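Student: Take this structure first; my questions come after.
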Amino acid sequence: MDTHQANLRPLIEAQKVSKHFGSFHALKEVSATFYEGQVTAIIGPSGSGKSTFLRTLNRLETHDSGSIRVDGIELNDDLKNLDAIRREVGMVFQSFNLFSHLTILRNVALAPIRVRKTSPAEAEAKAMALLERVGLADQAHKYPVQLSGGQQQRVAIARALAMDPKVLLFDEPTSALDPEMVNEVLAVMRELAHTGITMLVVTHEMGFAREVADRIIFFDNGVILEDTTPEALFTQPAHERTKAFLSQVKHGF
Amino acid sequence: MKWTRKNPGWVMFAAMIGLLLFLWGMAIPLAAAPDPIGPAAKQFAEGARVTVWLTLISGSVGVVLGVIAGLGKLSAFAPLRWLCNFYVWLIRGTPLLLQILFVWLAVPQILPDSLQISDFACAAIALALNIGAYNTECVRAGILAVPQGQVEAARALGLSPFQTFMDIVLPQSMRVALPALANNLASLVKDSSLAYAISVVELTMVGYRIQAESYQPIPVFLTIAMIYLILTTAFTTLTAALENQLDVGRKRQENS
């Protein structure tokens, strides 16, 4: 199905990934390959498995069967593999999940200090540069609770970038935000997409998906129903289910 | 109030100096008091020091026990969970006095003769085990109060489970648990009086002896009560300052 990026290096290879929550079959033999530098938007109705799929890619959820390889490393119970993979895969959550007892600067600098053993001075200098990049250098010494939702999410992006990940996973990064704050976060993500970093974005922002993504995946009922370019999906969706979904969400923008 | 909240470090320092001055200086004004207090001033001071020692030692060990058992109760490893549940169930379900007597009378029979422990150590062990069980529940509540999303974020950033616990979970859970732990410590100051049952000469024992010699329970017990009040005030001032230091309740202040 996916041949349009054949000249790029595969970074994430998911093969027949299945996942159950009790009797609920959340993922049904999902296979997909994501290539270096590609920005992929993952859309679909609630409960379709799109967030679960994203979370299996850095093992925040374990998969029951199938295989996932990230940068050539098999994702399994081997903690060494897991640590190696998590260093390369950054994640941005719907509810930001900043460390509320640490300053903004410390939030960004913590992982490089602990995981990469960077010196605190160096890590904080880099954190400052990243905060500058997301437009929040002046907030560095505040605590998360003092920032707006949009600002917190921009910090969360800076925190993920501090580890120099090869891939960034976004799990509905704008869903918990007030409408007026959505754009400031999307602006940062747009800027990131242009730097060539590999991104997987689970989102309900169809405008963003269409404008920024190289590729779009439509999830429904635990399977990938469509995997194509945004242009193709939005102009000529192949499935009735996709058409119905798109007409529903179109009211939103 | 505002000054004490902004300078918790100084408040802690002042409370500690105050406590030390009180423990080593109280004999001087007490000596000037009329019979039966004056002549026994040094005994009162000595008793107060034993009470504070007992509280500090069993209180510190109790916090460590509370953290270990609190973590154990949340462990994914079932036998460890059972063990910690059993510990809390056993200690909370039996009287403290019985626990103290048990450590004093029963444990020496189990231990070899070369390994006998002092009365004071018996009391400290029993009190530490006791407060540890109560601390367990406070620590567990504190750990559960740390949002799971922050743990996920730390793990996703590549922090190990141990780093996640030390950097993310422990500091935040302590903030939540601290008021309840402080409450237990205030109880401990007074519960340490039960050590008198195994002839540890702490404050209550001192009072009991002096009134038995002088047949004047009223002034003696009032003096003892006063010393306990001063000790608990010093401890609660310390823990309240520590709460400010760790910024317990920062969210509420800044959102209002």
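Bear in mind these aren't lab numbers, they're just calculated from the coordinates by the rules spelled out. Small disclaimer: the values here were computed from a predicted structure and weren't measured. Reconstructed Cβ throughout: ideal geometry from the backbone, glycine too, with neighbour counts over all protein chains shown.
Student: May I ask for the distance between the Cα centers of region B:48-127 and region A:95-110, given as a whole number of Å?
Tutor: Region B:48-127 and region A:95-110 have Cα centres separated by 37 Å.
Student: Within chain B, what is the longest stretch that has no chymotrypsin sites (Phe, Trp or Tyr not before Pro) placed in a DSSP loop and near at most 13 other beta-carbon atoms within 10 Å?
Tutor: In short, B:78-214.
Student: Around A:Ile42, with a cut-off of 12 angstrom between Cβ atoms, what is the net charge of the other residues, counting Lys and Arg +1 and Asp and Glu -1?
Tutor: Net charge in that neighbourhood comes out at -3.
Student: What residues have an amide H closer than 5 Å to that of A:Ala140, excluding those fewer than 5 places away on the same chain, when H is modeled at 1.01 Å from N in the peptide plane?
Tutor: none
Student: In this model, which of A:Lys126/B:Lys73; B:Lys6/B:Lys73; A:Lys28/A:Lys250; A:Lys142/B:Lys190 are farther than 32 Å apart at the alpha-carbon?
Tutor: Violating the 32 Å limit, Cα to Cα: A:Lys126/B:Lys73; B:Lys6/B:Lys73; A:Lys142/B:Lys190.
Student: Something else now. Given contacts defined as C-alpha pairs under 8 Å and at least six residues apart, what's the relative contact order of region A:114-224, whole-number percent?
Tutor: 23
Student: Compute the distribution of all C-alpha to C-alpha distances in chain A, in bins of 5 Å from 0, and list the percent of pairs in each, rounded to whole numbers.
Tutor: Cα pair-distance distribution for chain A, in percent: 1, 6, 13, 17, 19, 17, 13, 8, 4, 1, 0, 0.
Student: Would you mind calculating the relative contact order of chain B from Cα pairs under 8 angstrom and at least 6 residues apart, reporting the percent as a whole number?
Tutor: Values: 294 pairs, mean separation 77.3, N = 256.
Relative contact order for chain B comes out at 30 percent.
Student: So, one more: Would you mind counting up the charge near B:Val169? Only other residues with Cβ under 13 Å from its Cβ, with Lys and Arg at +1 and Asp and Glu at -1.
Tutor: +1
Student: What FRET efficiency comes out for A:Lys142 versus B:Phe13 if R0 is 30 angstrom and r is the Cβ-Cβ distance? Round to the nearest 0.05.
Tutor: Efficiency computed from Cβ-Cβ geometry: 0.60.
Student: If R₀ is 41 angstrom, what is the calculated FRET efficiency for the pair B:Lys190 and A:Arg190, using the beta carbon separation as r and rounding to 0.05?
Tutor: According to the calculation, E is roughly 0.05.
Student: Could I have the simple spin-label model distance between B:Ile117 and A:Glu240, label points 7 Å from Cα toward Cβ, reported in nm to one decimal?
Tutor: Placing both labels 7 Å beyond Cα along the Cβ direction yields 7.6 nm.
Student: Along the Cα-to-C-beta direction of A:Asp164, a point sits 7 Å from the Cα; which residues of region A:60-89 have their amide N less than 16 Å from that point?
Tutor: From region A:60-89, the list is A:84-89.
Student: OK, next. According to the Kirkwood expression over distinct Cα-Cα pairs, how big is the hydrodynamic radius of region B:8-255, in Å?
Tutor: Radius from the Kirkwood sum: 20.0 Å.
Student: Please give the charge dipole size of the protein assembly as shown, origin at the Cα centre, charges +1 on K and R Cβ atoms and -1 on D and E Cβ atoms. Round to the nearest 20 debye.
Tutor: Details: 43 positive and 44 negative charges, 127 e Å.
So the dipole magnitude of the protein assembly as shown works out to roughly 600 debye.
Student: Compare the Cα positions of B:Asn184, B:Gln245, B:Ile37 along the charge dipole of region B:8-255 (+1 at Cβ of Lys, Arg; -1 at Cβ of Asp, Glu; about the Cα centre) and return the one farthest towards the positive end.
Tutor: Final value for the positive-end residue is B:Gln245.
Student: Please work out the Cα center distance from region A:206-239 to region B:1-29, rounded to the nearest Å.
Tutor: 67
Student: Okay, next question. Under the Karplus relation 6.51 cos²θ - 1.76 cosθ + 1.60, θ = phi - 60°, what is the ordered set of whole-Hz ³J(HN,Hα) values for region A:165-182, x standing for Gly and Pro?
Tutor: Result, ordered by residue: x, 7, 10, 10, 9, 10, 9, 6, x, 10, 5, 9, 9, 5, x, 6, 9, 4 Hz.
Student: Taking the convex hull of the alpha carbon atoms in the protein assembly as shown, what volume per residue do you get, in Å³?
Tutor: Dividing the Cα hull volume of the protein assembly as shown by its residue count gives 197 Å³.
Student: Now a separate question. Quick one: putting +1 on the C-beta of Lys and Arg, -1 on the C-beta of Asp and Glu, what dipole do you get for region B:8-255 around its Cα centre, in Debye to the nearest 20? Don't skip to the end; give the middle numbers.
Tutor: On the way: 13 positive and 13 negative charges, 113 e Å.
Rounded to the nearest 20 debye, it is 540 debye.
Student: Here's something else I'd like to know. Can you give me the long-range amide H partners of A:Leu225? Hydrogens built in the peptide plane at 1.01 Å from N, cutoff under 5 Å, separation of 5 or more residues or another chain.
Tutor: Amide H neighbours of A:Leu225: A:Phe218, A:Phe219, A:Asp220.
Student: Separation of region A:1-73 and region B:135-202 by C-alpha centroid, Å?
Tutor: 39
Student: Using Cα pairs under 8 angstrom and six or more residues apart, how large is the relative contact order of chain A, in percent?
Tutor: Taking the mean separation of contacting Cα pairs over the length of chain A, I get 25 percent.
Student: In peptide A:92-104, what is the residue-averaged number of other protein chain Cβ atoms found within 10 Å of each Cβ? Before the final figure, lay out the partial values.
Tutor: Details: counts 2, 5, 1, 5, 3, 9, 3, 10, 8, 11, 5, 0, 0.
Taking the mean over all residues of the peptide, I get 5.
Student: Could you pull out every residue, at least 5 positions away or on a different chain, whose amide H is within less than 5 Å of the one on A:Gln38? Hs are placed 1.01 Å off N in the peptide plane, and Pro or chain starts have none.
Tutor: Result for A:Gln38 returns A:Met199.
Student: For region A:210-225, take each phi angle, set θ = phi - 60°, evaluate the Karplus expression 6.51 cos²θ - 1.76 cosθ + 1.60, and give the result in whole Hz per residue in order, putting x for glycine and proline.
Tutor: Computed from phi, the couplings for region A:210-225 are 5, 7, 9, 6, 8, 8, 9, 10, 10, 9, 8, 6, x, 10, 7, 8 Hz.
Student: Around A:Ala193, what is the net charge, scoring Lys/Arg as +1 and Asp/Glu as -1 over all other residues with Cβ under 11 Å from its Cβ?
Tutor: Overall, the nearby charge balance is -2.
Student: Now for a separate question. Which residues among region B:198-230 fall inside the zone where the amide N is under 14 Å from a point 7 Å beyond the Cα of B:Leu105, along Cα→Cβ?
Tutor: B:198-199
Student: Which residue, B:Ala48, B:Ser60, B:Ile143, has the largest displacement toward the positive end of the dipole of region B:8-255 when charges sit on each Cβ (Lys, Arg +1; Asp, Glu -1)?
Tutor: The residue sitting farthest along the positive end of the dipole is B:Ile143.
Student: Let me ask something else about it. Based on other C-beta atoms within 10 Å, arrange B:Glu243, A:Glu205, A:Glu240 from fewest to most.
Tutor: Least to most surrounded, the residues fall as A:Glu240, B:Glu243, A:Glu205.
Student: Taking 1 over the mean of 1/r across every pair of different Cα atoms in region A:72-132, what Kirkwood radius in Å do you get?
Tutor: Mean inverse Cα-Cα distance, inverted, gives 13.1 Å.
Student: Kirkwood Rh over alpha-carbon pairs of region A:21-81, then Stokes-Einstein at 4 °C and 1.567 mPa s: what D in µm² s⁻¹, rounded to an integer?
Tutor: This corresponds to a translational diffusion coefficient of 100 µm²/s.
Student: Could you give the length gained on full extension between B:Tyr215 and B:Lys42, defined as 0.36 nm per residue of separation minus the Cα-Cα distance, in nm?
Tutor: Difference between extended and current length: 60.4 nm.
Student: While we're on this one: Kindly write out, for region B:118-135 in residue order, the coupling ³J(HN,Hα) from the Karplus curve 6.51 cos²θ - 1.76 cosθ + 1.60 (θ = phi - 60°), rounded to whole Hz, with x marking Gly and Pro.
Tutor: Residue by residue, region B:118-135 yields 6, 4, 4, 5, 4, 4, 5, 5, 4, 5, 5, 4, 5, 5, x, 5, 5, 4 Hz.
Student: Add -39500 (n - 2.57) for each DSSP H run of 4 or more in the protein assembly as shown, then divide by its residues: what number comes out at 222 nm, to the nearest 500 deg cm²/dmol?
Tutor: -18000 deg cm²/dmol
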